[in-house]
1. Which links in 82/192; 22/192; 12/74; 74/167 stretch past 31 Å when you go from one Cα to the other?
2. Quick one: which residues, 5+ away or cross-chain, put their amide H under 5 Å from the amide H of residue 102? H built at 1.01 Å from N.
3. Per DSSP H run of at least 4 residues, take -39500 (n - 2.57); add these up for the chain, divide by its residues and hand me the 222 nm value, nearest 500 deg cm²/dmol.
4. When the accessible area of the range 86-237 is split by element with a 1.4 Å probe, what percent falls to carbon and sulfur?
5. Counting heavy atoms of the protein chains only and a 1.4 Å probe, report the per residue accessible area for the range 102-174 as a whole number of Å².
6. Quick one: which residues, 5+ away or cross-chain, put their amide H under 5 Å from the amide H of residue 10? H built at 1.01 Å from N.
Amino acid sequence: MAEFIVYEQKDKIAVLTISREKALNALNSQVLDELDAALDAIDFDTVRALVLTGAGEKSFVAGADIGEMSTLTKAEGEAFGKKGNDVFRKLETLPIPTIAAVNGFALGGGCEISMSCDIRICSDNAIFGQPEVGLGITPGFGGTQRLARLVGPGMAKQMIYSARNIKADEALRIGLVNAVYPQEELMAAAEKLASTIAQNAPIAVRACKKAINEGLEADMDEAIVIEEKLFGSCFETEDQKAGMANFLEKDKEKKLKVVPFQNK
Ligand code: DAK
């Protein structure tokens, strides 16, 4: 039974909450292990989109646990970094779309875990930052890599070198988040977005995620081949046949709502 992770499935979407409120949901080894186990336990036959958030109204995740990190040796530091990186990579490559609902502080490892999700939305009190150089370390859970890819190298370098935190409106302006909501509306907005995604053909949605993620790591010639193959694979699905047939039938009712999609 997990102490710091709450996992709830609501019809076709799931909400995973990092719940270590006393330490502002900071990531220690136990949280990372429980998160890893929770990701492994997701039933991908029924869940079509995942929302990740933090418990309470103050913090999403206030970073890696500084108390735990403070006494690490070089070897232990590398091992801790690998543990985090492995979980974050698992989250990033999860077959289904993921949405970070950032409900407060997203500092260091908190900003990094949000960047391992496909989409970020936040509350108006959210604060993002990579404060690591102020602690004498580099970002260790992919921050140097994912922030630069998301907001561009110039802005990422400014944030990381200066260790300056930014507020929700600035995060929106630089493209780190897609939208900002009043705190009390954030989860409803995240779940609505997840439900909207969950209504679409799940195999096609997953293929889009794979195409975007893998394509971004390839050059354009390879990337379009990745897309071609995934596009082709859709023609072996019931969803493609039903989806296109409904359109061609010109049945307005059906056109709006395609038959229940297959998941595999
Ligand atoms: N770790 C541990 N405890 C934390 C924490 C953290 N990151 N952030 C907050 N807490 C704890 C506080 O110690 C306090 O505990 P008690 O004293 O009540 O026992 C409780 O949460 C409430 O925090 P505050 O009293 O400080 O609350 P305030 O509202 O005054 O301030 C704050 C909120 C978020 C501004 C402040 O707590 C803060 O600055 N927190 C630290 C934020 C931070 O610097 N985060 C980045 C951590 S560095 C690597 C792997 C990973 C990483 C790097 C390398 N490798 C192995 C290569 C990642 C690094 C990071 O994430």
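The values are calculated or read from the model by the stated rules, or taken from the named source; none is laboratory data. Keep in mind the model is a prediction, meaning the values are calculated, not measured. Quick note on the areas: whole protein, heavy atoms, side chains included, nothing else; ligands and nucleic acids left out. Shrake-Rupley method; radii C 1.70, N 1.55, O 1.52, S 1.80 Å.
1. 82/192; 12/74; 74/167
2. For residue 102, the qualifying residues are 121, 122, 123.
3. Calculated from helices alone, the mean residue ellipticity at 222 nm is -15000 deg cm²/dmol.
4. Answer for the range 86-237 is 58 percent, counting heavy atoms of protein chains only.
5. Accessible area per residue, the range 102-174: 40 Å².
6. Residues meeting the amide H criterion: 15.
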